[in-house]
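Worksheet: the structure to be examined is printed underneath.
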Amino acid sequence: MTKQTIPAAPACTLFLFGANGDLVKRLLMPALYNLSRDGLLDRNLRIVGVDHNPASAEDFAGRLHSFMAERDKGGEGAAKCLDEKLWSRLAKCLDYQTGDFLDPATYQAIGKRIDKTSHGNAIFYLATSPRFFPEVAQRLGEAGLLDESGGGFRRVVVEKPFGTDLASAEALNACLLKVMGERQIYRIDHYLGKETVQNILVSRFSNGLFESFWNNHYIDHVQITAAETVGVETRGAFYDNTGALRDMVPNHLFQLLAMVAMEPPAAFGADAVRGEKAKVIGAIRPWSAKMALKNSVRGQYTVGKQGRKRLPGYRQEANVAEDSQTETYVALKVMIDNWRWAGVPFYLRTGKRMSVRDTEIAICFKPAPYAQFRESELERPKPNYLKIQIQPNEGMWFDLQAKRPGPELVMENVELGFAYKDFFKMTPATGYETLIYDCLTGDQTLFQRADNIENGWRAVQPFLDAWAKDGEVHEYPAGQDGPEAGHELLTRDKREWHRLG
Ligand code: BG6
């Protein structure tokens, strides 16, 4: 998607609930800055921070400016060089509303701030703690702020985590849908803002080649990995109540799974794409309690090392219980019960404090039908992989066997590949740019529909239920690739994890 050739989004008043939180300063504001740099924001856009701490618009703008300027000295993500002229243009759009999220007076004040010059268009971005999602939505509804009969659009962006299990996700959906329509709700999963994730669909469905082997006749199994080197950082309290499964699987990893496994949509509109995703996630086989235990591994990092650096164990992290049983690593085997994928296991793993940062999808193909080269030393060639590297070193690579030059018949693994950096100029981005732009323009394709979210929770619920009663949390030293049991999940099927990095 080349944003440079597309028009600026329509004018609107964008309310950022939780304005003093991390998300606004680390990701949303840098993303808005990048959109403004690329000429994709309307001159009449107003951005109003909403939070309980008393502050002025100048305080709000000043705080964001200091963070962005500081970040330029070496942070990750957005533009590396803060252009002061550009910033001051954006700062003029900033405003601030002090208010308690539970107080109806806050919503009266917000109503008065919806700018006439933006045709009554308003977006309410819930970047708050999730416990406020139902409360804020309900009060927005009660104050009449979600009513679109005046002609302007009214949209609500809901951050993750969306629920903590199936029942809570259903309850949150019901609560939102009581005060607004599905087309007003933008449930964010920031993985969908990543270029490499969006590219999975483009590559699959614009290259005829892929469809011919994208099925259980040729694919042996699929591996989806999100390995992180970071620990829980400052989020111990949140993470200890959440764990790796809830934090990463029903949202990010299932988005990747859906992109790989969904059927071609009849059109590239929001409904068709989200309909196919909901179908494939809905086709994940619900395991019995016994099978859920057999097909899952939980791990927790202990003291370890990264290079020479000594790393604390999870239980030594701030705001984590000393006897915590929360998993920082999870590996799962899931099956998709449909014609395309019958019999093809999908192995998923994610973990904190692993050896390298690597988010990738490895499609492993079935071996050649018989041992053609049985007289050579490579009687059993290695399987072919297609690796879709989401981050870092974004790109796609096929692992193939080739003959090493020389009189002997020796096969070697070679790579056919495409690295983004060799073909495209990738301007640094947070991943939120596309999502914010799409919300401003009313394109819901990259946002989760209620059924997508609920199907995701439905598929992980058997693991949550089984773990609540039984099963072990395996230890692994920080800096290593999960517990031994995580490897056994594949070796028992005579397979192995694709090497990380
Ligand atoms: C967040 C999780 O949703 O995704 C974090 O809460 C995780 O725990 C992060 O670190 C990973 O995102 P990314 O874009 O760095 O892969």
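The values are calculated or read from the model by the stated rules, or taken from the named source; none is laboratory data. Keep in mind the model is a prediction, meaning the values are calculated, not measured. In this analysis, Cβ positions are derived from the backbone assuming ideal geometry, glycine residues included, and neighbour counts consider all displayed protein chains. Note: areas computed on protein heavy atoms with side chains; ligands, DNA, RNA excluded. Shrake-Rupley method; radii C 1.70, N 1.55, O 1.52, S 1.80 Å.
Observations on the structure shown:
- Hits in the stretch 266-302 (condition: part of a loop (DSSP other than H, G, I, E, B), in contact (Cβ under 8 Å) with a residue 12 or more places away in the chain and more than 24 Å from Trp467 (Cβ to Cβ)): Phe268, Gly269
- The stretch 427-445 - residue that is farther than 15 Å from Arg37 by Cβ and open to solvent by 50 Å² or more (accessible area, probe 1.4 Å) and, of those, farthest from the ligand (Cβ to nearest atom): Thr441
- Of all residues in the stretch 65-83 being modelled with pLDDT under 85 and not in a loop (DSSP other than H, G, I, E, B), the one that is surrounded by the most Cβ atoms within 10 Å (Cβ to Cβ): Arg71
- Exactly one residue out of Asn251, Asn241 is open to solvent by 10 Å² or more (accessible area, probe 1.4 Å) and within 11 Å of the ligand (Cβ to nearest atom), and it is Asn251.
- Within the stretch 11-39, the residues that satisfy the criterion of being out of contact with any strand residue (DSSP E or B) (no Cβ under 9 Å at 6 or more places or on another chain) and open to solvent by less than 10 Å² (accessible area, probe 1.4 Å) are Pro30, Ala31, Tyr33, Asn34, Leu35.
- Checked against (1) away from the ligand (no atom under 16 Å from the Cβ); (2) in a loop (DSSP other than H, G, I, E, B), Val356 meets all criteria but (1).
- Taking the criterion of being within 25 Å of the chain's Cα centre (by Cα), in a strand (DSSP E or B) and among the hydrophobic types (A, V, I, L, M, F, W, C), the only residue of the stretch 22-49 that qualifies is Ile47.
- Enumeration of residues in the stretch 385-415 that are within 16 Å of the ligand (Cβ to nearest atom) and assigned to a loop (DSSP other than H, G, I, E, B): Pro392, Asn393, Glu394
- Test: residue in the stretch 163-186 that is part of a strand (DSSP E or B) and either within 16 Å of the ligand (Cβ to nearest atom) or out of contact with any His (no Cβ under 8 Å at 6 or more places or on another chain) (or both): yes
- Those residues of the stretch 187-198 which are surrounded by fewer than 20 Cβ atoms within 10 Å (Cβ to Cβ) and either of a type in the set (S, T, N, Q) or under 20 Å from Ala137 (Cβ atoms) (or both), in sequence order: Gln198
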